[in-house]
Amino acid sequence: MTAARLSEVPRTGVAVTAATPARAPIDIAGVSQIFQRAGQVTHALDRVDLAIAGSEFVSIVGPSGCGKSTLLKIIAGLISRSSGTVRIDGQEVQGPYTNLGIVFQSPVLLDWRNVLDNVLVQIELRGLDPKQYKARALELLGKVGLGDFKDRMPRELSGGMRQRAAIVRALIHDPPLLMMDEPFGALDALTREQMRIDLEKLWLDRRQTTLFITHGISEAVALADRVVVMTPRPGRIDRIIPIDLPRPRHKDVLASRRFTEYCDMITECFMRHGVIKY
Amino acid sequence: MSADIPLQPVAAPTLGAAFVGWLRKRGGVLAVFLALFLLWEYAVWLFGVKEYLLPPPSKVWTEFMKRSDIVLSGAIVTTQEIVGGYLLAVFVSIPLALAVARSRFIEESVYPVVVFLQIIPKIAIAPLFIIWLGFGFTPKLLIVFLLCFFPIVVSSVAGFKAVDPEVMDFAHTTGASGWRMFFKIRLPQALPDIFTGLKVGAALSATAAVVAEFVAADRGLGYLLQQYNGQLETPMVFAIIVLLSLIGLVVYYFVELVERLVIPWHVSQRPAGVTGI
């Protein structure tokens, strides 16, 4: 329903229609990553296999240094892998994959552009016509509460607002795939909570295949269709937990016993590997 | 979210209000300058200092007015050397810096040579230029160029190379071509550093022109300075020093004005320094 409303944005000229569901299945097979520095060999990732269905929301949780960010960068084709294959939509990833939106822990906005132009830089860098995307940019900014801040410079915004702008920038071209590398990691707890709620809304609109990296256990459960738990270095997949909770995940869902049980399952994985000790 | 909404920017002040504001902010500086001139004038009179040692400001002014034609035509020559040499430096050093930043080969082969050459005292080369190129405009132009060139290259290279890796990661996911990435990201990101170099170069340019004229010249403010110095016409020496300072100041503030227009997002971020006139 909300997706249909997006398509009715007047005269965008952009092919954003509800008829084409965003799908970008990802197939990761035997991906390993070995760094060699000053004669020291580090296994960052060890034979990771993971199949993500189109339109699926997958959270990856793991302790710091488990290689989860490395995995995201390998999938996006931003760094090369030591071995294994990554296929998105059936095509093997070799070099940067461009049919996606990406959000990092820091918003990486351009200091010299206001919020709206920071969103539209995505369009400009792709060689598309920013005029055609302006209406959609304003609509998305409105949805994340930045409607009145479109003319502000990044330095005039709070950390949460900057990250909202970065999320809009990642979605402006309506990509079938969204990758987020600890996007709320630098935000305070309250902002983080609100951002999580808003992200779910945005995702329910378009159902992009989403890969969400975090070290927040409850955040991972609250957002995902499946949670991938990783072991400490060398990063391996410890356990994949399907999250069977109704959406949207309102506070009564998050207060339910099932939610707590899912969180406990992840905590126990971490306790088994000594990441969390009591 | 609403708790940390920044303050609304205030409306732009009118011209009159801006002047009053400027006077309030800079009035202290003006007062100190005025006081120094008065003290100078009075001290020279009080202690009976000889005019060829330290002329009072009033005498500097009257002597300057008597020979303003000669001095001003000299000032035009020197200004041309400053502006010409400086612009040449700008147009050579920024593309060179870009080449250094973009090509590993140039960075490893050409750039070390450039840095090594920087160690040579440029002023020591000035006599050579006279031998090669004579007394005219060209050797002065080249000396100004040489002195301005290095700071602009060095800071521009730093600017072009200091790219946030995550910004580049983002840019790579868009599949943008090298040139598009350059104009949309690398160049704007480098501009603050480039302007730092441009301002250092601008500050050096007047010195460079005067030194070049000291070595060998038949016109220009540096030439006149030596002439008047030789004849112990100290008031004229002072007049020329003041004029040279003014030319340097104008060149510097012109570059700063351009900076304000080109990268207002950066200038407004920086705390107003001593140069914020």
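Going from the fewest other Cβ atoms within 10 Å to the most, the residues A:Ile34, B:Ile143 appear in the order A:Ile34, B:Ile143. Note on B:Ile152, A:Ile276, A:Ile241: ascending count of other Cβ atoms within 10 Å places them as A:Ile276, A:Ile241, B:Ile152, the fewest first.
Below 17 Å, Cα to Cα, which aspartates and glutamates can A:Lys277 reach? Residues fewer than 8 away in the same chain don't count. Leaving aside aspartates and glutamates fewer than 8 places away in the same chain, those within reach of A:Lys277 are A:Asp264, A:Glu268.
Within the stretch B:120-166, none of the trypsin sites (Lys or Arg not before Pro) combine a DSSP coil assignment with at most 15 other C-beta atoms in a 10 angstrom radius. Under 5 Å between amide hydrogens, built in the peptide plane, is the criterion, and for A:Ala44 it picks out A:Gln33, A:Ile34, A:Phe35 among residues at least 5 positions away or on other chains. Close amide H pairs (under 5 Å, H built 1.01 Å from N) link A:Gly84 with A:Ser32, residues at least 5 positions away or on another chain. Tell me whether the stretch A:109-174 comes out rounded, prolate or oblate; compute the Cα gyration tensor, take square roots of the eigenvalues as a ≥ b ≥ c, and use a/c under 1.5 as the rounded threshold. Verdict is prolate for the stretch A:109-174. As a calculated quantity, the FRET efficiency between B:Asp164 and A:Ser80 at R0 = 25 Å, using C-beta atoms, amounts to about 0.75. Residues whose amide H falls under 5 Å from that of A:Met230, counting only those 5 or more places apart or on a different chain, are A:Val61, A:Gly62, A:Asp238, with hydrogens built in the peptide plane. Local charge for A:Val93 was computed over the other residues whose Cβ lies under 12 Å away, with Lys and Arg +1 and Asp and Glu -1, and equals 0. Remark: for residue pairs B:Lys161/B:Lys184; A:Lys134/B:Lys184; B:Lys161/B:Lys199; B:Lys140/B:Lys199; A:Lys68/B:Lys161, the C-alpha separation exceeds 22 Å in A:Lys68/B:Lys161. Taking 18 Å as the straight-line reach from the Cα of B:Lys59, the lysines in range (excluding those fewer than 8 positions away in the same chain) are B:Lys50. For the pair the stretch A:231-278 / the stretch B:38-69, the C-alpha centres are spaced 85 Å from each other.
Membrane-span-like helices in chain A, defined here as complete DSSP H runs extending at least 20 Å along the helix axis by their C-alpha atoms with mean Kyte-Doolittle hydropathy no lower than 1.6, are absent; this is a sequence and geometry rule, not a statement about a membrane. If one computes the Cα centroid of the stretch A:73-87 and of the stretch A:200-223, what distance in Å separates the two points? Going from one Cα centre to the other spans 22 Å. In terms of its alpha-carbon gyration tensor, chain B comes out oblate; a/c meets the 1.5 threshold, while b/c is at least as large as a/b. In this calculation the C-beta distance from B:Thr138 to B:Trp45 is compared with R0 = 56 Å, giving a FRET efficiency of 0.75. Would you list, by chain and number, the lysines whose Cα falls below 17 Å from the Cα of A:Lys251, excluding same-chain residues fewer than 8 positions away? Straight-distance partners of A:Lys251: A:Lys201.
The stretch B:165-222 and the stretch A:142-165 have their alpha-carbon centroids 32 Å apart. Modelled spin-label separation between B:Tyr253 and B:Arg24, with each label point placed 7 Å from Cα along the Cα-to-Cβ direction: 2.1 nm.
Counting other Cβ atoms within 10 Å as a rough exposure proxy, the listed residues A:Met180, A:Met271 run A:Met271, A:Met180 from fewest neighbours to most.
Where in chain B are the DSSP H helices whose alpha-carbon span along the long axis reaches 24 Å or more and whose Kyte-Doolittle mean is at least -1.0? Don't skip to the end; give the middle numbers.
Working: long enough: B:15-47 (44 Å, 1.38); B:68-102 (50 Å, 1.46); B:137-161 (35 Å, 1.82); B:187-215 (40 Å, 1.18); B:234-262 (42 Å, 1.98).
For chain B, where a helix must reach 24 Å along its axis and average at least -1.0, the hits are B:15-47, B:68-102, B:137-161, B:187-215, B:234-262.
Here, each number is a calculation from the coordinates, and none is a lab measurement. For clarity, every value in this text was computed on a predicted model and none was experimentally measured. Every residue, glycine as well, gets a Cβ built from its backbone with ideal geometry; the counts of neighbours run over all protein chains shown.
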